[in-house]
Amino acid sequence: MMITLTVNGERVTRHVEPRRHLIDFLRLDLGLTGSHAGCEHGVCGACTVRVDGEIVRGCLVLAASLDGAEVTTIEGLTDSGEVADLQEAFVARNAAQCGFCTPGMVMAAADILAHHADADRAAIREHLSGNYCRCTGYQAIVEAVETTLAARREAVR
Amino acid sequence: MKWPALGYLRASSLDELWRALGEGAQILAGGQTLLATLAFRLSEPGTLVDITRIPELRGISVAGGVLRVGALTRHAELGRDALVARHAPLLTQAVPHIAHPAIRNRGTIGGSLAYADPAAELPACAVALDATLVLARAGGERRVKATEFFTGLLTTALEPGEIIAAVEFPLAGPSQRTVILEVARRSGDYAMTGLAAVLDLGADGRIASPRLTFFGVGEGPVLAARANAALEGRALDATAIAAAQAALDADLDPPADLHGPPAMKRHLCRVLLGRALQSFTPATEQAA
Ligand SMILES: Cc1cc2nc3c(=O)[nH]c(=O)nc-3n(C[C@H](O)[C@H](O)[C@H](O)COP(=O)(O)OP(=O)(O)OC[C@H]3O[C@@H](n4cnc5c(N)ncnc54)[C@H](O)[C@@H]3O)c2cc1C
Ligand code: FES
Ligand code: FES
């Protein structure tokens, strides 16, 4: 079937098979390989992307159901500069090692920055609880988010 | 594993849905359970019929003395809705326990109740709050009490061709006390054991209509009849809590599962019961 949607601000029209999930659609049909497919059954969070402004599991969304939707991936988020400071903090804290979880982690962390400016460590951990990282032990990631939140609060003072 | 070949169509009204629901068709709501199980090839539906754009299944309202929650209400919407917080605060308390933010943005109350996972929060809340499910089919509607809706492991009173249209919750009165507690390995995982507790606490400190409902310990939500009877009409104090804990054992018949043996689950239930009731006692007595 044919779908037309907006991906990172660009309109795309494509033929998709119903069995295609959003991550395969992004990676295989559009060549956007920043979103990762890990477990493909909703557990790991590596596939986290935005649909209509809210984070979702890309592996648990049918591409066919997204006619008219607006999708933002890590590529679009990066290009917009929305989380440039968070990405710098990830590098500074060594919050990415192998990098497999990182795009999903940044998408989930961006949701905290956008909607929960007052989140403390416990709230950050809770919000990221659906994103697995097998390398960092999470401390560096939580710290990167925490320092970014603190710096943004400082900046608006 | 990749999903099996399947068909997809979207119904934009109930009439369209009734025409689409035939042999091999399966309803797709948030997809947060159904699509996950497709990857395991646990289910191989012929056609997925997407119901998420059917307006009749949306919305949260208060009318006729009940809070009506449309089947398509997503967990995230349920968690931030002001009418829900006011009239069925147990549901607001339950949402943070359900999976993770990205899953809560898609999963629906209708899907959760229809799937009837024994460790899920919303089926237990529906039983604890004595909710009524509105079931719709081509040419009609019927109402089924939550206590009768869950009939066994992952099975419900839904007939073929029937869907959950909405859930109706009685409005919480001023003396209602609610809490949901659970033990899970990772925040957001399905509970090893959980308790949705609802009761009325009168000005005289006496308990009325307790509905302690456990999850993750049976084939569906378990309304603890004996523990509830042990609490009815009593003052909420340490003796009452001990009596309910003693009675609770006969209410439970937990299966051994990946998490541990029945004895562990019984123990966790007693602990959760104690904590839940303790949370309803005035702060001064808690300190004592
Ligand atoms: C990693 C992970 C962790 C999770 N953790 C939890 C948790 O801790 N607690 C919890 O409760 N849930 C958890 N879930 C499940 C989540 O809450 C689902 O959203 C919910 O169980 C199903 O809702 P859905 O709208 O996604 O339904 P779908 O997946 O679309 O459908 C589920 C089933 O219900 C049927 N169905 C859907 N809507 C209706 C309807 N209106 N009428 C009749 N049948 C219908 C479908 O045909 C299907 O059989 C988790 C899921 C994942 C992937
Ligand atoms: S790939 Fe989607 S949650 Fe793991
Ligand atoms: S950096 Fe390797 S999984 Fe997170």
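State all residues of the stretch B:216-231 that are β-branched (V, I, T) and either within 13 Å of the chain's Cα centre (by Cα) or assigned to a strand (DSSP E or B) (or both); if no residue qualifies, say none.
B:V222
Exactly one of these conditions fails for B:D81: (1) within 26 Å of the chain's Cα centre (by Cα); (2) within 11 Å of another protein chain (Cβ to nearest Cβ); (3) free of Cβ contacts under 8 Å to residues at least 60 places away in the same chain; (4) buried (at least 18 other Cβ atoms within 10 Å of the Cβ). Give me its number.
So the condition that B:D81 fails would be (2).
Report the residue count in the stretch A:133-152 for those that are out of contact with any helix residue (DSSP H, G or I) (no Cβ under 6 Å at 6 or more places or on another chain) and either of a type in the set (S, T, N, Q) or not assigned by TED's automatic domain parsing to the domain that holds A:V106 (or both).
2
Considering each residue of the stretch B:51-68, count those that are within 22 Å of the chain's Cα centre (by Cα) and more than 14 Å from chain A (Cβ to nearest Cβ), and give that number.
Here the count works out to 12.
Taking the stretch B:105-128 on its own, how many of its residues are within 16 Å of ligand 2 (Cβ to nearest atom) and surrounded by 24 or more Cβ atoms within 10 Å (Cβ to Cβ)?
Qualifying residue count, the stretch B:105-128: 2.
Name the residue, out of B:Q93, B:Q32, that is away from chain A (no Cβ under 11 Å), under 24 Å from A:A123 (Cβ atoms) and in contact (Cβ under 8 Å) with a residue 60 or more places away in the chain.
So the residue among B:Q93, B:Q32 that is away from chain A (no Cβ under 11 Å), under 24 Å from A:A123 (Cβ atoms) and in contact (Cβ under 8 Å) with a residue 60 or more places away in the chain is B:Q93.
For the stretch B:1-29, how many residues meet the condition of being within 13 Å of chain A (Cβ to nearest Cβ) and outside any strand (DSSP E or B)?
Selection size over the stretch B:1-29: 9.
Among the listed residues B:A131, B:A230, which satisfies the condition of being in contact with a helix residue (DSSP H, G or I) (Cβ under 6 Å, 6 or more places away or on another chain), surrounded by 15 or more Cβ atoms within 10 Å (Cβ to Cβ) and without any contact (Cβ under 8 Å) to a residue 24 or more places away in the chain?
Selected residue: B:A230, the only one of B:A131, B:A230 that is in contact with a helix residue (DSSP H, G or I) (Cβ under 6 Å, 6 or more places away or on another chain), surrounded by 15 or more Cβ atoms within 10 Å (Cβ to Cβ) and without any contact (Cβ under 8 Å) to a residue 24 or more places away in the chain.
Could you grab me the full set of residues in the stretch A:126-157 that are farther than 22 Å from A:A37 by Cβ and among the charged types (D, E, K, R)?
Residues satisfying the conditions are A:E126, A:E143, A:E146, A:R152, A:R153, A:E154, A:R157.
Of these, B:G202, B:G188, which one is in contact (Cβ under 8 Å) with a residue 24 or more places away in the chain, touching a helix residue (DSSP H, G or I) at 6+ places or on another chain (Cβ under 8 Å), surrounded by fewer than 19 Cβ atoms within 10 Å (Cβ to Cβ) and over 30 Å from B:E141 (Cα atoms)?
B:G188
Looking at the stretch B:147-154, is at least one residue in contact (Cβ under 8 Å) with a residue 12 or more places away in the chain and acidic (D, E)?
There is no residue in the stretch B:147-154 that is in contact (Cβ under 8 Å) with a residue 12 or more places away in the chain and acidic (D, E).
List the helices (runs of 4 or more DSSP H) that sit entirely inside the stretch A:60-157 and contain at least 1 residues that are surrounded by 19 or more Cβ atoms within 10 Å (Cβ to Cβ), on the phi < 0 side of the Ramachandran plot and more than 13 Å from every other protein chain (Cβ to nearest Cβ). Step through it out loud before you land on a result.
On the way: elements: A:74-80, A:84-93, A:102-115, A:121-127, A:139-156.
The helices (runs of 4 or more DSSP H) meeting that bar are A:74-80, A:84-93, A:102-115, A:139-156.
State yes or no: is B:V84 in a strand (DSSP E or B), aliphatic (A, V, I, L, M) and away from ligand 2 (no atom under 16 Å from the Cβ)?
Answer is no for this residue.
Every residue in the stretch A:37-48 that is in contact with a Gly (Cβ under 9 Å, 6 or more places away or on another chain) and either more than 14 Å from chain B (Cβ to nearest Cβ) or more than 16 Å from ligand 3 (Cβ to nearest atom) (or both), please.
If the condition is that a residue be in contact with a Gly (Cβ under 9 Å, 6 or more places away or on another chain) and either more than 14 Å from chain B (Cβ to nearest Cβ) or more than 16 Å from ligand 3 (Cβ to nearest atom) (or both), then A:G42 is the only one that fits.
Taking A:G53, is it within 14 Å of ligand 2 (Cβ to nearest atom) and either under 26 Å from B:E77 (Cβ atoms) or in contact with a Ser or Thr (Cβ under 7 Å, 6 or more places away or on another chain) (or both)?
Answer is no for this residue.
Quick one: A:V156 ticks every box in (1) modelled with pLDDT of 95 or more; (2) more than 12 Å from ligand 3 (Cβ to nearest atom); (3) β-branched (V, I, T) except a single one, so which number is it?
(1)
Identify all residues within the stretch A:6-28 that are out of contact with any Leu (no Cβ under 8 Å at 6 or more places or on another chain), buried (at least 16 other Cβ atoms within 10 Å of the Cβ) and away from chain B (no Cβ under 14 Å); write none if there are none.
A:T6
Any idea how many residues of the stretch A:97-117 are within 16 Å of ligand 1 (Cβ to nearest atom) and of a type in the set (G, A, S)?
2
Write out, first by first residue and then by second, each pair whose Cβ atoms fall under 6 Å of each other, whose residues are 6+ apart or on separate chains, and whose first residue, in the stretch A:1-13, is over 18 Å from A:G58 (Cα atoms) while the second is in a strand (DSSP E or B) and of a type outside the set (D, E).
Matching pairs, first to second residue: A:M2/A:H15; A:T13/A:T4.
Report the residue count in the stretch B:21-50 for those that are polar (S, T, N, Q), farther than 18 Å from A:G38 by Cβ and within 20 Å of the chain's Cα centre (by Cα). Quick ask: steps written out before the conclusion?
First, the residues of the stretch B:21-50 that are polar (S, T, N, Q): B:26, B:32-33, B:37, B:43, B:47.
Filter once more, so that each one left must be farther than 18 Å from A:G38 by Cβ: B:26, B:33, B:43, B:47.
Imposing the further condition that a residue be within 20 Å of the chain's Cα centre (by Cα) reduces the set to B:33.
Adding up the residues that qualify gives 1.
The values are calculated or read from the model by the stated rules, or taken from the named source; none is laboratory data. On a predicted model such as this, the values are computed, not experimentally measured, just so you know. Quick reminder, even Gly has a Cβ in these numbers, built from the backbone with ideal geometry, and neighbours come from all protein chains shown.
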